[in-house]
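Chemist: Encoded as C-alpha cells, here's the structure I'll be asking about.
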C-alpha cells in the first residue's frame, strides 16, 4: 500500500509539472482527469475541462478523424505523431501534436492523451518556407532578369534611335512615354533582384517635380483605369487635387512604381467602377500624397497583413509583393507608405510621405545625347541577333565603325582578322562566356578597351575582373553607350 501511494504521488507530480497537456479519457470519450498544462492549452480552468467530451476540443470537421484515431489506438494500443487543430474554450484554434496510449486501469480501458501546442513550430516552419521561397525566387529572378533586360534593350534602343530621327511633337511624346516605361521596367527588375537577395541598394536620387511625376503615372496607367475599365463595361473616374509642392530627392522610376501599384490596386478594388482621388500637399517637413478609392475596402484581418510579403487576397497568380516592395521603396527614400482609412464596402486610402528638398525643381526638356569624341572601330559580341543589329546601328549613328558577331567563335575569328579600338561583349554568351572573350582580347591586344554587357544582377561574382574595363547593365541607353565608347577612345 505504501508503494502504491508513492507511485500515485510521483504520477501526480509528473502530471502537474509536465509542460505538455495530459488528458485521461474514458471509453466514452469523456475527460476524467487532466493537468494544468492541458487547461492552459484549452484556455480554461481545470474544473471546466474535467467532464467535457474530447470531441468538444476539436473543430467539427475533425470528429470523423477522431473516430478513426480511436479505432486505431484500440487496435495498436499506442499512436504517436498525431497532428491537427484543437479548439480552445473561447472557440479559437491552435495546431497540436499528440500521442495516445491505451491503459488498463481497474479492469477498464482508459486513454492517456499527451498534447503539445505547435504554434511556434508552425511559425518557424512558415518562416523557413518563406526564406526558401525567397531564395528560389532570387534564383529565378536572375534568369528572368537577363531575358527581360534583353527585351527591354531592344525596345529602349529602337525608341531612342527613333527619338533622334523623328521631330514631330506628337511622335516625340509617344516615344518618350515608351522610353520612360522601358527604363522603369529595368529599374523594377533590379529592385526585385535586390529585394529577394536582401541587398542594400545604392541611393541614386535626383531632384524630382513630384506633381509632374504623379501626372506622368496617371497618363501611363490610363490603359488600366480607363481603357480596360470601359472594355469591362464599368467607369472609373480619376480625380486630381494637386497643391503646389517643392521638389523631393528621389529615384523617379521607383516612385512611379509606387504610384502605379497603388492606382492598379485601386482599380482592382472597384469591380463595379468608382472614383480614384489623388491629392498632393506639403508642410515644412514632408510632401504627402493620398490615393483613395471608393471600392470594396478591407476587412480588419486583411488590414493587419496588407504589407506582408507574399500576402494576397487576389487570384492565385498574384505575387503578393507589390505593397511590400512599395513600402520598402518609400522607406529607402526616408519616407513612409501607410494604410489610412479602409473598411469593408467603404473604400481604401493609402498615404505616401516623402521628405521635401530645398533643391530647385528641375526644368525638363527634350532628350539629350553626348557627342562622340571621335571615330572608333568597335566589335559587338552578343548571341541575340536583334540586339547585335541594334547596337551596331546605335554605334554607326554615333559615327563609329561597328562589326557584329553573334557567337564566341565568330568573335575570335574577327579578332584574328583585324584590330579594334573597343570590344563590347555580352556576358551570357553560350559555350564561351563574355569574360573569357574579354580575357583573350586583353591577352593579345592589351590596349583594346573592353566593355561587358550584362542583364545579370551580380555579373562577375567569383570571376576575375581585371580584363574588363567597364561593365554596362542592360538595357543600355544611347547616352551610356556614347560615354563608355568615349572613355575607351580617350585612352588611346
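Chemist: From the residues in the stretch 266-277 that are under 25 Å from the mean Cα position of the chain (by Cα) and in contact (Cβ under 8 Å) with a residue 60 or more places away in the chain, which one is nearest to residue 218 (Cα to Cα)?
Modeler: Here the residue is 266.
Chemist: What tally of residues in the stretch 147-181 results from selecting those that are under 28 Å from residue 429 (Cα atoms) and loosely packed, with under 15 Cβ neighbours inside 10 Å?
Modeler: Final tally of qualifying residues: 1.
Chemist: Could you check, for the stretch 302-314, whether at least one of its residues is within 24 Å of the chain's Cα centre (by Cα) and closer than 23 Å to residue 181 by Cα?
Modeler: Within the stretch 302-314 (the criterion being within 24 Å of the chain's Cα centre (by Cα) and closer than 23 Å to residue 181 by Cα), the answer is no, since none of the residues qualifies.
Chemist: Next question, about the same structure. Of the residues 114, 144, which single one is surrounded by 12 or more Cβ atoms within 10 Å (Cβ to Cβ), out of contact with any helix residue (DSSP H, G or I) (no Cβ under 7 Å at 6 or more places or on another chain) and modelled with pLDDT of 90 or more?
Modeler: Just one listed residue meets the conditions, 114.
Chemist: Which of the residues belonging to the stretch 54-83 are in a strand (DSSP E or B) and surrounded by fewer than 13 Cβ atoms within 10 Å (Cβ to Cβ)?
Modeler: 78, 80, 81, 83
Chemist: Return yes or no: is residue 94 in a helix (DSSP H, G or I) and either in contact with a helix residue (DSSP H, G or I) (Cβ under 7 Å, 6 or more places away or on another chain) or outside the structural domain of residue 426 (by TED's automatic domain parsing) (or both)?
Modeler: For residue 94, the condition - in a helix (DSSP H, G or I) and either in contact with a helix residue (DSSP H, G or I) (Cβ under 7 Å, 6 or more places away or on another chain) or outside the structural domain of residue 426 (by TED's automatic domain parsing) (or both) - is not met.
Chemist: Quick one: count up the residues across the stretch 359-380 that are at pLDDT 85 or above and either closer than 30 Å to residue 269 by Cα or part of a loop (DSSP other than H, G, I, E, B) (or both).
Modeler: 2
Chemist: Is there a residue in the stretch 281-301 that is without any contact (Cβ under 8 Å) to a residue 24 or more places away in the chain and closer than 30 Å to residue 133 by Cα?
Modeler: yes
Chemist: Pull up the stretch 221-250, narrow it to residues that are farther than 27 Å from residue 358 by Cα and buried (at least 18 other Cβ atoms within 10 Å of the Cβ), then point me to the one that is modelled with the highest pLDDT.
Modeler: The residue in question is 236.
Chemist: Within the set of pairs 6 or more residues apart or between chains, which connect a residue that is without any contact (Cβ under 8 Å) to a residue 40 or more places away in the chain inside the stretch 437-453 to a residue that is surrounded by 15 or more Cβ atoms within 10 Å (Cβ to Cβ) and in a helix (DSSP H, G or I) with Cβ atoms less than 6 Å apart?
Modeler: 448/441; 450/438; 450/441; 451/484; 452/434
Chemist: Continuing with the same structure: For the stretch 174-209, which residues satisfy the criterion of being touching a helix residue (DSSP H, G or I) at 6+ places or on another chain (Cβ under 8 Å), modelled with pLDDT of 75 or more and not in a helix (DSSP H, G or I)?
Modeler: Answer for the stretch 174-209, where residues must be touching a helix residue (DSSP H, G or I) at 6+ places or on another chain (Cβ under 8 Å), modelled with pLDDT of 75 or more and not in a helix (DSSP H, G or I): 206, 208.
Chemist: Looking at residue 253, is it in a helix (DSSP H, G or I), closer than 22 Å to residue 342 by Cβ and touching a residue at least 60 places away in the same chain (Cβ under 8 Å)?
Modeler: So residue 253 fails the test.
Chemist: Residues in the stretch 1-19: is at least one surrounded by 11 or more Cβ atoms within 10 Å (Cβ to Cβ), at pLDDT 85 or above and not in a strand (DSSP E or B)?
Modeler: Within the stretch 1-19 (the criterion being surrounded by 11 or more Cβ atoms within 10 Å (Cβ to Cβ), at pLDDT 85 or above and not in a strand (DSSP E or B)), the answer is no, since none of the residues qualifies.
Chemist: Kindly list the number of the only condition in (1) exposed (fewer than 15 other Cβ atoms within 10 Å of the Cβ); (2) closer than 26 Å to residue 229 by Cβ that fails for residue 336.
Modeler: (2)
The values are calculated or read from the model by the stated rules, or taken from the named source; none is laboratory data. Not measured: the values here are computed from a predicted model. Note that we place each Cβ from the backbone using ideal geometry, even for glycine, and neighbour counts take in every protein chain shown.
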